[in-house]
Amino acid sequence: MRLKTFPGGIHPHDEKHYSAAAPITIFPTPQRVIIHLSQHIGTPSTPIVEVGDVVQRGQKIAEASGFVSIPQHASISGKVSKIGKFLHPTGTMAMGIEITQDGSDNALELIDDPGYMELEVAELKRRVGDAGICGMGGAGFPSIVKLSPPEDKPIDTVILNGVECEPFLTSDYRLMLERAEDIITGLKLIMKMVNAKKGMIGIEANKPDAIMKMEQLLAKESNLEVVGLRMQYPQGAEKQLIYAATKRKVPAGGLPMAVGVVVQNVGTALAIYEAIRYQKPLIDRVISVTGSPVAKPMNLLAPIGTLYSELVDFCGGAKETVGKAISGGPMMGFALPSLDAAMTKGSSGLVLFGEKDARSLAEHTCLRCARCVDVCPMNLVPSIIANAVKYKDLDLAVQAGVNDCIKCGSCAYVCPAQIRLVQYIDTGKIRYAEAQRKK
Amino acid sequence: MNDKYIVSPAPHFHDKSTVKNVMWNVVIALIPALIFAVYYWGLRALILSLTGAITAVITEALIQKLRKVPVTVHDGSAFLTGLLLAYNIHAGAPIWLPIVGAAFAIGVGKQVFGGLGNNPVNPALLGRAFLLASWPTQMTAGWVAVKGSAMSGLNNLSRIATNLQELSPKAYELVTGATPLKVAQTLRDSTFVSDINAQAGGLDLAGRIFGSLTEMETLKSLFWGNIGGCIGEVSAFALLLGAAYLLWKNIIEWRIPLFYISTVFVLSFIFGGIPGSGTSVMLPFFHIFAGGLMLGAFFMATDYTTTPITKNGRIIFGIGCGLLTIVIRLVGGYPEGVSYSILLMNVFTPLIDKLTMPKAFGKVAK
């Protein structure tokens, strides 16, 4: 197979050996969960329960607030014990609903709909919308929005993102090995919803067994194909994946639908399949708990809202002093002050670093070495944007492409001067948004 | 809530490269050239080189102490500048020359502007230009040829003419006393050409000398370094070895050296001929291996701070350096133009960067 790729990027060690061989293990029902109201990009969900209410696993507890939003469901049965602020996996404090288990039955009644492949598109979309599904690769864009492109934007290709280019993470990899058939059915359902003729599954070359498995299953499907991708970060970034697979360039500031493509993560495709076939809301997901301090790195199928500390305990705790706890992968994930955060629908991994790996060096002045320029997958000049932000020249920052940055972190990864380029650029994005609001 | 862990912005992963690591790797890449220099000229080459490097380190430390900023000489950048400065001096130079040059390079070329990352032009080259302007005699006289070789690398004089010394004293003086590039440049002077040809009684002496410049034997001398030259630029081979190391380590990028050397290659073939004899297909090889081009293209024109950061900018920079180098070599007042061409292009760097800002991925050209 000829491997495809995109221009720019870096080649970090993939560090997947910690958890790659660990089969998906079901995490036992936790004592309590915290269902965050903001698990996605868009407006936070609106709670429809009160403290003291008894809720069943799978019951809706918060409603979508508008189009770019999703509903939330109880991931365990129990009592609503608190509605308030909790540590969010992005490191901030955010509103959530805490449910404490009351020992009642936690079984989730799933109705298998035998005719699920023949349903009308409207019904398919209703089921996806009701299940509260958002992108599970990390960004958390409400899936129903992606599946409802405007009339004037016809979609011809659906790409499933099985790249998992973030080092350490193996949850998508395990899903592709263990749930391949269901993921493919999910792909077909997505294609039906957006009326696309072609389906692709993009997988990076460091997962040859996943590529092989998918290729075997797709051998007889003429309109579905596996796209083998070179091991190169950020291969799984939406625009880079689309380019590698189709050679189409998503216009700057535009969405994939502008080039007739919809991208969904493989985990999302599985959730969509389960939502349509069993009308199962998105209440659990696979998360990799990994890194050198973790005693027994694992891939856990855990209820949404499970505390990170409980996941680590289940993996045998930490065998060395933890220096950093990262929600997500090490390139784009968030460093958490503690393990008190609860996982959300976008939590693909929890990576622990020992004290040595957690340390970072002091910033040096820019040498103008241009390594950041050479690796930027968006063809930007990160050092100039960062400098513009540093000296509060917002116009220059915008002109240099602050809003085109996808925050993949490749620039900061290679910077010999250890400049926190992504942080400066992110600050620039925030300042720009503020300036726009004031206008 | 107890905050136990380090909180910092993403990415949390780094390729472990540091400024220090980069600078010392460049120093390592310069060692083969030094070994060749010591082989050819003895310990004096080493002493002059280390003198330059250590003076640069001391100067930087002193100025940083005076500026009350952290002393950062361990990062290797001052050592590198001092070493490069010394590489631009010939092995017969007095010891104070690298001292004055390195102190100037660091003081006026670098620290005045705020230190590493802020200097507008290459400090080592500025130091060299300062020395050449202030002590031209010491910089250009007393060059030592490699033992057993002529300065010009033209060792087999009998192939030019059996009794060259009697036939044309002028030509003899040129081929025994000047560097290869000086020979090539002098031969472009039509008065000189007719002079020596007349001395030789109508024999095309100029053409013969020119022809021997591009002979395999001469090119070999240039490649291995048994010619006269500055400490660091003597052997193209040793410099290529270091350059390969830097490219492999991803410390320098290919664009500037490739376009620099290619431009010299092409232009020397087109314009490098001499009156009466025209050019030669081997002439481009003479021009890329002679003088300081390898040192300049791989170690000076790739200096981070003073060269463009945009990809297209680096191409323009390389072509510009090549163009200026050829102009100076062929029609300039000096036989060699590498250092001045890089210095001049350094000045254009901000403008080049500004004019070559790339379009973001997916951005349509307006």
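Read the figures in this text as sums done on the coordinates, not as results from a lab. Everything numeric here is computed off the predicted structure, so don't read it as measured data. Every residue, glycine among them, receives a Cβ derived from its backbone with ideal geometry; neighbour counts consider all protein chains shown.
Most simply put, the protein assembly as shown has about 60% antiparallel DSSP beta bridges, counting only bridges with both residues inside it. Taking B:293, B:132, B:80 as the candidate residues, the one with maximal mean-square fluctuation in a Gaussian network model of chain B, Cα springs under 10 Å, is B:132. Counting only alpha carbon atoms, the long axis of helix B:123-134 and the longest principal axis of chain B meet at about 40°. Helix B:255-271 versus the longest principal axis of chain B: what is the Cα-based angle in degrees, 0 to 90, to the nearest 10? Between the helix axis and the principal axis of chain B, the angle is about 20 degrees. Legend: mean number of C-beta atoms from other chains within 10 angstrom of residue C-beta atoms, peptide A:108-119, equals 0. Please give every one of the aspartates and glutamates within straight-line cross-link reach of residue B:4, meaning a C-alpha to C-alpha distance under 12 Å, and leave out same-chain neighbours fewer than 8 residues apart. Cα-Cα hits under 12 Å: A:340, A:355. Whole-Hz Karplus values for the range A:153-164 come out as 10, x, 9, 10, 9, 10, 10, 8, 8, x, 6, 6 Hz, taken residue by residue from phi with 6.51 cos²θ - 1.76 cosθ + 1.60 and θ = phi - 60°; glycine and proline positions read x. For residue A:82, enumerate residues with amide H under 5 Å from its amide H, sequence gap 5+ or separate chain, H modeled in the peptide plane. HN-HN under 5 Å from residue A:82: A:98.
Note on chain B: with a GNM built from Cα contacts shorter than 10 Å, the maximum mean-square fluctuation among B:69, B:108, B:175 falls on B:69. Near residue A:354, the amide H atoms lying under 5 Å from its own belong to A:292, A:323; only residues 5 or more places off or on other chains count, and H is placed 1.01 Å from N. Contact order, relative form, for chain B: 17 percent (alpha carbon pairs under 8 Å, 6 or more residues apart, mean separation divided by residue count). Filter the cross-link list B:311/B:354; A:247/A:407; A:188/B:363 down to pairs whose alpha-carbon distance in this structure exceeds 20 Å. In this structure, A:247/A:407; A:188/B:363 exceed 20 Å between Cα atoms. Taking θ as phi - 60° and the Karplus parameters 6.51, -1.76 and 1.60, the scalar couplings of the range A:428-439 work out to x, 4, 5, 4, 5, 4, 4, 4, 5, 5, 5, 5 Hz in sequence order, x denoting glycine and proline. When chain A is treated as a GNM with alpha-carbon contacts under 10 Å, the residue of A:111, A:76, A:155 showing the greatest mean-square fluctuation is A:111. Rounded to the nearest 500, the helix-only mean residue ellipticity at 222 nm of chain A stands at -8000 deg cm²/dmol, with each DSSP H run of n ≥ 4 adding -39,500 (n - 2.57).
From Cα pairs below 8 angstrom and at least 6 apart in sequence, can you work out the relative contact order of chain A, rounded to a whole percent? Normalised by residue count, the contact order of chain A is 19 percent. To check you understand DSSP bridge types, tell me what percent of the beta bridges within chain A (both residues inside) are antiparallel, rounded to 5. For chain A, the DSSP antiparallel bridge percentage is about 60. The per residue volume of the convex hull around the alpha-carbon atoms of the range B:252-355 is 88 Å³.
Working note: 222 nm ellipticity from helices only, DSSP H runs with n ≥ 4, each -39,500 (n - 2.57), summed and divided by the residues of chain B, gives -18000 deg cm²/dmol to the nearest 500. In whole angstrom, note down how far apart the Cα centers of the range A:97-116 and the range A:28-43 are. Taking the Cα centre of the range A:28-43 as reference, the centre of the range A:97-116 is 16 Å away. Pairs from the table (B:170/B:220; A:207/A:296; A:79/A:324) lying more than 23 angstrom apart at Cα are B:170/B:220; A:79/A:324. Legend: mean number of C-beta atoms from other chains within 10 angstrom of residue C-beta atoms, peptide A:409-420, equals 5. If you take the alpha carbon atoms of chain A and fit the smallest convex hull around them, that volume is 143 Å³ per residue. With the cut-off at 23 Å, tell me which of the pairs A:85/A:392; A:60/A:197; B:20/B:65 have Cα atoms farther apart than that. Pairs exceeding 23 Å: A:85/A:392; A:60/A:197. The range A:126-191 and the range B:99-142 have their alpha-carbon centroids 60 Å apart. Remark: mean inter-chain Cβ contacts per residue of A:142-148 equal 0, using a 10 Å Cβ-Cβ cutoff to other protein chain atoms. Annotation: amide H of residue A:159 within the under-5 Å range of A:200, A:262, A:263, A:264, sequence separation 5 or more or interchain, hydrogens built in the peptide plane. With the biggest extent put first, the Cα atoms of the protein assembly as shown measure 113, 60, 52 Å across the principal axes.
Relative contact order of the range B:157-218, please, whole-number percent, based on alpha carbon pairs below 8 angstrom and at least 6 residues apart.
Over the range B:157-218, the number comes to 33 percent.
Using a 4.7 Å Cβ-Cβ cutoff, the cysteines of the protein assembly as shown lacking any partner cysteine are A:134, A:165, A:315, A:366, A:369, A:376, A:405, A:408, A:415, B:230, B:321. Taking the Kirkwood radius as the inverse of the mean 1/r across Cα pairs, report the Rg/Rh of the range A:137-186. Value, to two decimals: 1.03. Compactness check for the range A:371-438: Cα Rg over 2.2 N^0.38 Å is 1.01. The alpha-carbon positions of the range B:19-140 define a convex hull whose volume is 89 Å³ per residue. Distance between the C-alpha centres of the range A:246-272 and the range A:54-78: 27 Å, rounded to the whole angstrom.
For chain B, the longest principal axis of the alpha carbon atoms and the long axis of helix B:19-41 meet at an angle near 20°. In sequence order, the range A:316-325 has phi-based couplings of x, x, 9, 8, 9, 5, 8, x, 8, 10 Hz under the Karplus curve 6.51 cos²θ - 1.76 cosθ + 1.60, θ = phi - 60°, and Gly or Pro positions carry x.
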